[in-house]
1. Within the stretch 39-71, which residues are of a type outside the set (Gly, Ala, Ser), touching a Ser or Thr at 6+ places or on another chain (Cβ under 6 Å) and within 19 Å of Leu96 (Cα to Cα)?
2. How about the stretch 59-69: which of its residues are crowded, with 16+ Cβ neighbours inside 10 Å and farther than 20 Å from Glu22 by Cα?
3. For the stretch 13-127, please list each of the strands (runs of 3 or more DSSP E) lying entirely inside it that holds at least 2 residues being at negative phi, of a type in the set (Phe, Trp, Tyr) and touching a residue at least 40 places away in the same chain (Cβ under 8 Å).
4. Of everything in the stretch 82-127 that's of a type in the set (Lys, Arg) and out of contact with any Pro (no Cβ under 9 Å at 6 or more places or on another chain), which residue is surrounded by the fewest Cβ atoms within 10 Å (Cβ to Cβ)?
5. Would you mind finding the one in Gly76, Gly116, Gly109, Gly127 that is over 16 Å from Arg47 (Cα atoms), out of contact with any helix residue (DSSP H, G or I) (no Cβ under 7 Å at 6 or more places or on another chain) and at pLDDT below 95?
6. Restricting the search to the stretch 1-12, which residues are part of a loop (DSSP other than H, G, I, E, B) and closer than 28 Å to Phe103 by Cα?
Amino acid sequence: MPHFIKVILFTDSDGQARFKEESVPLDQGTPKSALSALMPSGGYQLRASPVGFRSTYHCTTDPQWVFILGGQMEIGLHDGSSRIFKPGEHFYSADLLPAGQKFDDQRHGHWSRQLGSEPLVTLFLRG
């Protein structure tokens, strides 16, 4: 059965942001047009970030899909690792601040930045 790989940015049990991958079955539709089950959504936003954009550490406020439409986006974690996403790539951002905790930029969240010579254009789709 075909499947879709969902890259997920999440908050682990220790409060740190991490990446993981999850398989989404494409078990609906037809053999020539395999689909996933219908998933709920809560609206979308488009964002343009200029060359040189870089955020500080932050957590996601609402889980959302992030689709790269143009340019490149790098996401960095506190463990020193990072991933680069190019046009046509995606991730599901769900690294929420753990309940009852005050945000600590030395421990929580991730940073993001634009890479290369093209502005970063992204689509955020609330999940």
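1. Thr60, Gln64, Val66
2. Selection gives Cys59 alone.
3. Counting at least 2 such residues, we get 64-70, 90-94.
4. Step by step, filter the stretch 82-127, then rank; the result is Lys102.
5. One residue alone meets the criteria, Gly127.
6. Answer for the stretch 1-12, where residues must be part of a loop (DSSP other than H, G, I, E, B) and closer than 28 Å to Phe103 by Cα: just Asp12.
The values are calculated or read from the model by the stated rules, or taken from the named source; none is laboratory data. Remember, it's a predicted structure, so these values are computed and weren't measured experimentally. With ideal geometry, Cβ positions are generated from the backbone for all residues, glycine too; neighbour counts draw on all protein chains shown.
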